[in-house]
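Asks: Have a look at this one.
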Amino acid sequence: MPAKLSPSKGPAVAQSTRHTVSADPLCEECTLPSLDTLITPVERFYVRSHFAQTPELTASAWRLTIDGEVRTPLRLSLADLEALPSKEQIATLECAGNSRSYVTPPVEGLAFRHGAVSTAQWKGVSLAVVLAKAGPKDTAREVWFEGADHGREEEEGVAFDLKYERSLPTGKAMHPDTLLAYQMNGEPLTPLHGYPLRLITPGWYAMASVKWLTRIRVSAQRFDGFFQARRYVMIKEGVENRIDREPVTLLRVKSIITSPRHGEVIPPGVCTVQGAAWSGAGPVEKVAVSTDGGRHWRNAKLTGESYPDAWRRWEFRWQPPEPGHFIVMVKATDSAGNTQPKAMPWNFRGYANNSIHAIAVEVPPARPAP
Ligand SMILES: Nc1nc2c(c(=O)[nH]1)N[C@H]1C(S)=C(S)[C@@H](COP(=O)(O)O)O[C@H]1N2
Ligand SMILES: [Mo]
């Protein structure tokens, strides 16, 4: 890993870099101008939790259980995990509900704007290494993950007492980049981000990156718990076959403008439009910007380095032709040829909205000479 990737420290008292979408459970999203670096400092990183209480785990009492369809069930301490070969990885997390408030017609769920996305340098151990120590049996079909957080959710008039639990198919679980992470940006995880251990599933929407991990169960069965079968599935309009709901998995190709801000009055002269672009299906190959509401597109410059699991920074130098009001848009294309729609097809919970980000800016007339 390059040594110089320590996150830039924001000002001591950050001027509103996050804003609260929900106080209970705690959900905070980033302001777009605060997402102006490859690595998002921890105090700026978005937060999405499902229950009121943030688990307060201590390394001395905490253990990770690995059981189910394995030859050797394990019970590991944080020190046990830290003693295994470590791996570092820069990965972007995006909430499946990011950009939900821009879906039309309106949808169910927390009204995130575009800021439920951030990038960190994670350190931990490959899940595959730990699973290999336990020795999965041939019957293994999925790997189930249990967080220490719990609470109630209601749906269709029924209240569920739940833990946060999710599963992965064995293929994704055994991928060497799927990480049991104990560090974020060079420091132990903070309580809000899953201390002492969380899963990181690069390239997938972040509901899969289970925080406050306490148990990993190798299973012969398909998991159909609340956050697997009732949430994070695509529910389309009309009569539905509830069995075959498509799960939310890979990050769709997407891009955001972090500067200028929507509504900004920009000084005359050259304006640098900049932001980030990512995809779970492959590297971002092209970012195009329009400054005339989508009539014409020109390529932006991809800047910095490309990391397989992180967003790519980009910038575009723009000389506004004359004073006025301009719609600036950005559209990314990944190596698989996927690009962004103008409007995402509607789904009930507004998941995975990757429609084109557009902002309006104002270029005021030059002041008349005195
Ligand atoms: N145990 C647990 N893990 C969880 C969640 C949760 O509520 N509980 N939320 C998930 C969702 S929906 C997202 S988007 C990410 C958010 O991670 P962050 O708060 O570190 O940004 O964590 C995921 N892992
Ligand atoms: Mo999420």
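Asks: For the range 300-370, which strands (runs of 3 or more DSSP E) that fit wholly inside it have 1 or more residues that are closer than 24 Å to S99 by Cα and touching a helix residue (DSSP H, G or I) at 6+ places or on another chain (Cβ under 9 Å)?
Replies: 357-363
Asks: A further question on this structure: Just for the range 88-125: of the residues that are charged (D, E, K, R) and crowded, with 19+ Cβ neighbours inside 10 Å, which one is farthest from ligand 1 (Cβ to nearest atom)?
Replies: K123
Asks: Within the range 234-291, take every residue that is basic (K, R) and modelled with pLDDT under 95 and give me the one that is surrounded by the fewest Cβ atoms within 10 Å (Cβ to Cβ).
Replies: Filtering first and then ranking leaves R242.
Asks: Please find, within the range 78-104, the residue that is nearest to ligand 2 (Cβ to nearest atom) out of those that are hydroxyl-bearing (S, T, Y) and part of a loop (DSSP other than H, G, I, E, B).
Replies: S99
Asks: For E165, state whether it is within 13 Å of ligand 1 (Cβ to nearest atom) and buried (at least 16 other Cβ atoms within 10 Å of the Cβ).
Replies: When the stated conditions are applied, E165 passes them.
Asks: Now a separate question. In the range 16-39, what count of residues is obtained for those that are touching a helix residue (DSSP H, G or I) at 6+ places or on another chain (Cβ under 8 Å) and either more than 16 Å from ligand 2 (Cβ to nearest atom) or part of a loop (DSSP other than H, G, I, E, B) (or both)?
Replies: Residues in the range 16-39 being touching a helix residue (DSSP H, G or I) at 6+ places or on another chain (Cβ under 8 Å) and either more than 16 Å from ligand 2 (Cβ to nearest atom) or part of a loop (DSSP other than H, G, I, E, B) (or both): 2 in total.
Asks: Let me ask something else about it. Output the number of the condition that S306 fails; it satisfies all remaining conditions of (1) more than 21 Å from H114 (Cα to Cα); (2) out of contact with any Pro (no Cβ under 6 Å at 6 or more places or on another chain).
Replies: Checking S306 against (1) more than 21 Å from H114 (Cα to Cα); (2) out of contact with any Pro (no Cβ under 6 Å at 6 or more places or on another chain), the one that fails is (2).
Asks: For the condition assigned to a loop (DSSP other than H, G, I, E, B) and either in contact (Cβ under 8 Å) with a residue 40 or more places away in the chain or under 16 Å from R48 (Cβ atoms) (or both), what is the one hit in R217, R166, R113?
Replies: Being assigned to a loop (DSSP other than H, G, I, E, B) and either in contact (Cβ under 8 Å) with a residue 40 or more places away in the chain or under 16 Å from R48 (Cβ atoms) (or both) holds for just one of R217, R166, R113, which is R113.
Asks: Right, next: Can you tell me which residue is nearest to S355 (Cα to Cα) among those in the range 313-325 that are touching a strand residue (DSSP E or B) at 6+ places or on another chain (Cβ under 8 Å) and surrounded by fewer than 19 Cβ atoms within 10 Å (Cβ to Cβ)?
Replies: Out of the qualifying residues, it is E315.
Asks: Only residues that are hydroxyl-bearing (S, T, Y) and within 16 Å of ligand 2 (Cβ to nearest atom): list them for the range 42-60, please.
Replies: Hits for the range 42-60 are Y46, S49, T54.
Asks: For the range 105-147, which positions are within 30 Å of E237 (Cβ to Cβ) and either within 15 Å of ligand 2 (Cβ to nearest atom) or of a type in the set (A, V, I, L, M, F, W, C) (or both)?
Replies: V107, E108, G109, L110, A111, F112, R113, H114, G115, A116, V117
Asks: Another question, then. Assess whether S6 counts as being modelled with pLDDT under 95, polar (S, T, N, Q), over 25 Å from E165 (Cα atoms) and away from ligand 2 (no atom under 16 Å from the Cβ).
Replies: Taking the combined requirement at face value, the residue satisfies it.
Asks: Does Y182 fit the bill of being in a strand (DSSP E or B) and within 8 Å of ligand 1 (Cβ to nearest atom)?
Replies: For Y182, the condition - in a strand (DSSP E or B) and within 8 Å of ligand 1 (Cβ to nearest atom) - is not met.
The values are calculated or read from the model by the stated rules, or taken from the named source; none is laboratory data. The shown structure was predicted, so the numbers you read here are calculated from the model rather than taken from an experiment. Backbone-built Cβ (ideal geometry, glycine too); neighbour counts: all protein chains shown.
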